[in-house]
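Comments concern the structure below.
The values are calculated or read from the model by the stated rules, or taken from the named source; none is laboratory data. Fair warning: this is a prediction, and the values are worked out from it, not measured in the lab. Virtual Cβ from ideal backbone geometry, glycine too; neighbours counted across all protein chains shown. For the accessible areas, the whole protein counts, side chains as well, though only heavy atoms, and no ligand, DNA or RNA atoms are used. Shrake-Rupley method; radii C 1.70, N 1.55, O 1.52, S 1.80 Å.
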Amino acid sequence: MLPTFTPKTLSFLRALKRNNEREWFHARRDEFNAHCRAPMTAFVEQLAGDFRSFAPELVADPKISLFRQFRDTRFSHDKTPLKTNVAAVFPNRTLGRMNGAGLYFEVSPTYVWIGGGLHEADTSQLQLVREHIAAHYRQLDAIVKSPAFKKIGGLQGQTLNRVPRGFDKDHKAAAYLRHRQFLGFREEPAAFATSKDFYKQLLGTMKTLAPLVRFLNEPLVAAPARKAHILS
């Protein structure tokens with residue numbers, strides 16, 4: 001049996017959005033666990049098995065992939081205590097959680113988002129990725145121009161107005177080098193999560209995105225080894 005979300009999943013998330021209070025949530029934690037946390041855990045565990053065939057370098061583990069429901073409000077203007085979605089992230093096992101490129105999906109009261117790529121990178125990581133792109137742009141071009149990738153919208157994310165310093169403005173990869181984010185994703189209505197073929201669609205989308213994630217992580221995974229070689 002493949003994992004599934006039900007209308008009760010979306011019903012609970014909608015109610016949580018209307019009643020974003022600790023007391024309300026604690027009184028209904030069993031409902032949350034049954035209709036949201038348990039199926040999300042099942043999705044992660046199912047993906048763990050399927051990743052072995054196309055993305056063995058990515059981690060799918062409920063202890064790592066699932067997000068806590070309570071928000072960190074210390075530095076946020078939004079003081080609502082709870083996230084109103086359920087989400088999971090699948091990082092590279094060498095780079096670790098919230099580092100480098102990965103896969104991700106979330107179910108919210110109003111939409112489903114399935115995506116992958118590099119969302120936030122520091123300056124040094126971005127430089128490594130751009131150098132990798134400049135040297136292997138044909139490989140990236142083949143990934144993002146594949147029919148399956150184009151079907152979900154092509155390469156997306158924030159871009160610079162100009163090619164960054166240090167790269168030829170007429171480089172064949174100039175359009176890619178301007179990216180600050182390298183993302184592929186699809187967004188669907190919330191009811192998509194309860195469709196009979198949701199897992200099939202989720203898995204298919206992640207298979208489409210996995211080559212991009214792997215390409216972006218290649219220079220980041222290799223960086224410590226390269227640094228050690230230079231220092232020796």
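Observations, loosely collected:
- Comparing Thr194, Ala223, Gln156 along the charge dipole axis of the range 137-232, the residue lying farthest to the positive side is Ala223, per the Cβ-charge model.
- Choice from His26, His179, His119 showing the highest fluctuation, given a GNM over the chain with Cα pairs closer than 10 Å: His26
- Label assignment, Cα Rg over 2.2 N^0.38 Å derived from the structure, set (i) 1.11; (ii) 1.03; (iii) 0.96: (i)
- Ala38/Lys150 FRET efficiency (R0 45 Å; Cβ-Cβ; nearest 0.05): 0.80
- Cross-link pairs beyond the 25 Å C-alpha cut-off, checked among Lys151/Lys200; Lys151/Lys207; Lys63/Lys150; Lys8/Lys151; Lys17/Lys151: Lys63/Lys150; Lys8/Lys151; Lys17/Lys151
- Taking 7 Å steps out from each Cα toward its Cβ at Tyr111 and Arg52 produces label points 3.5 nm apart.
- Residue-averaged [θ]222 nm for the chain, counting only DSSP H segments that reach four residues, each worth -39500 (n - 2.57): -14000 deg cm²/dmol
- Burial order of peptide ranges 161-168, 60-67 (average beta-carbon count within 10 Å, highest first): 60-67, 161-168
- Modelled FRET efficiency - R0 25 Å, Arg22 with Met98, Cβ distances, 0.05 increments: 0.50
- Solvent exposure ordering (accessible area, 1.4 Å, most first) of Ser53, Ser195: Ser53, Ser195
- The modelled label-to-label distance between Arg68 and Gln127, using points 7 Å beyond Cα along the C-beta direction, is 3.4 nm.
- Full-stretch length increase - Ser76, Asn161 - with 0.36 nm per residue and alpha-carbon distance subtracted: 27.7 nm
- Rounded tilt (10° steps) of 198-231 against the dominant C-alpha axis of the chain: 50 degrees
- The range 144-185-the range 26-80 distance, computed between alpha-carbon centres (Å): 30 Å
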